[in-house]
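Encoded as structure tokens, the structure appears first; notes follow it.
The values are calculated or read from the model by the stated rules, or taken from the named source; none is laboratory data. Given the structure is predicted, the values throughout are model-derived calculations rather than measurements. No Cβ is skipped: glycine too gets one built from the backbone with ideal geometry, and neighbour counts run over all protein chains shown.
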Amino acid sequence: MSDFSDWEVIDTYSTRQAVEDGFLVRVDQKISKEAGIKYPVYLTRAVWDKYVELPEGFENVQDMDGRLWDVLYMFTFAARSGDSSTLMYKLNVVLADKGDWEPNEKLDPDLDGNRGMRLVTLKSIIQAQDFDDPSPAIFIMKPGED
């Protein structure tokens with residue numbers, strides 16, 4: 001069995017590069033600390049664009065801070081009862097029903113078929129912040145993302 005010490009690293013893609021390239025969004029630590037999270041938090045671009053950014057026409061109904069708070073708060077709520085580095089959790093997100101439902105989105109059975117509210121499943125992983133920074137960080141993504 002190899003311990004990989006003789007392997008040559010061909011390429012790396014750092015968290016820092018993913019943020020610079022726009023594939024990850026780093027959450028302002030002031031907001032994540034208010035939600036009770038002590039580690040840096042990163043959202044994938046797909047999560048940010050669909051569940052944090054305001055959908056067109058919702059400008060007078062919601063704001064991005066509130067939507068981000070929902071993602072973070074429901075993570076902290078689920079994390080209190082979990083004991084794994086990978087966690088699946090759910091939250092309700094208001095979205096226009098334009099036929100763009102994804103596999104991680106369902107109707108909430110408690111909301112009597114309200115198609116403007118989706119029960120969304122997200123995945124979080126706690127791991128090293130970067131290949132050269134072993135401090136913990138939380139990465140929140142859609143279930144099919146890695």
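Restricting the stretch 95-110 to residues that are touching a strand residue (DSSP E or B) at 6+ places or on another chain (Cβ under 6 Å) and more than 21 Å from ASP63 (Cβ to Cβ) leaves a set whose member that is surrounded by the most Cβ atoms within 10 Å (Cβ to Cβ) is ASN104. Within the stretch 1-27, residues that are within 14 Å of THR44 (Cβ to Cβ) and in contact (Cβ under 8 Å) with a residue 40 or more places away in the chain have Cβ atoms under 9 Å from residues that are among the polar types (S, T, N, Q) and surrounded by 13 or more Cβ atoms within 10 Å (Cβ to Cβ) in these pairs: THR15/GLN129; LEU24/THR15; LEU24/THR44, counting only partners at least 6 apart in sequence or on another chain.
Close Cβ contacts (under 6 Å, 6 or more residues apart or on different chains) running from residues in the stretch 123-146 that are in contact (Cβ under 8 Å) with a residue 12 or more places away in the chain and among the aliphatic types (A, V, I, L, M) to residues that are assigned to a loop (DSSP other than H, G, I, E, B) and surrounded by 15 or more Cβ atoms within 10 Å (Cβ to Cβ) comprise ALA137/PRO40. Let me spell it out: the conditions are (1) over 22 Å from VAL25 (Cα atoms); (2) at pLDDT 90 or above; (3) of a type outside the set (Val, Ile, Thr), and ASN104 meets all of them except one. Which number is the exception? Against the list (1) over 22 Å from VAL25 (Cα atoms); (2) at pLDDT 90 or above; (3) of a type outside the set (Val, Ile, Thr), ASN104 comes up short only on (1). So, in the stretch 71-84, of the ones that are among the polar types (S, T, N, Q) and out of contact with any Gly (no Cβ under 9 Å at 6 or more places or on another chain), which residue ends up surrounded by the most Cβ atoms within 10 Å (Cβ to Cβ)? Once the filter is applied, the top-ranked residue is SER84. Given the condition β-branched (Val, Ile, Thr), under 23 Å from GLY144 (Cβ atoms) and modelled with pLDDT of 95 or more, answer yes or no: does some residue in the stretch 22-30 qualify? Checking the stretch 22-30: at least one residue is β-branched (Val, Ile, Thr), under 23 Å from GLY144 (Cβ atoms) and modelled with pLDDT of 95 or more.
Exactly one residue out of LEU68, LEU87 is under 16 Å from the mean Cα position of the chain (by Cα), buried (at least 18 other Cβ atoms within 10 Å of the Cβ) and over 16 Å from ILE125 (Cβ atoms): that is LEU68. When the stretch 111-146 is filtered for residues that are touching a strand residue (DSSP E or B) at 6+ places or on another chain (Cβ under 8 Å) and small (Gly, Ala, Ser), the ones remaining, listed by number, are GLY113, GLY116, SER124, ALA128, SER135, ALA137. Which residue pairs have Cβ atoms closer than 6 Å, lie 6 or more positions apart in sequence or on different chains, and pair a first residue in the stretch 102-122 that is under 17 Å from LYS50 (Cβ atoms) and in contact (Cβ under 8 Å) with a residue 40 or more places away in the chain with a second residue that is of a type in the set (D, E, K, R) and assigned to a loop (DSSP other than H, G, I, E, B)? Every condition considered, the pairs that remain are ASN104/LYS142.
Scanning the stretch 45-68 for residues that are touching a residue at least 40 places away in the same chain (Cβ under 8 Å) and touching a Lys or Arg at 6+ places or on another chain (Cβ under 7 Å), we see that the one that is nearest to ASN92 (Cα to Cα) is TYR51.
Listed by position, the strands (runs of 3 or more DSSP E) inside the stretch 38-146 whose residues that are among the charged types (D, E, K, R) number at least 1 are 86-94, 105-107, 117-130, 133-141.
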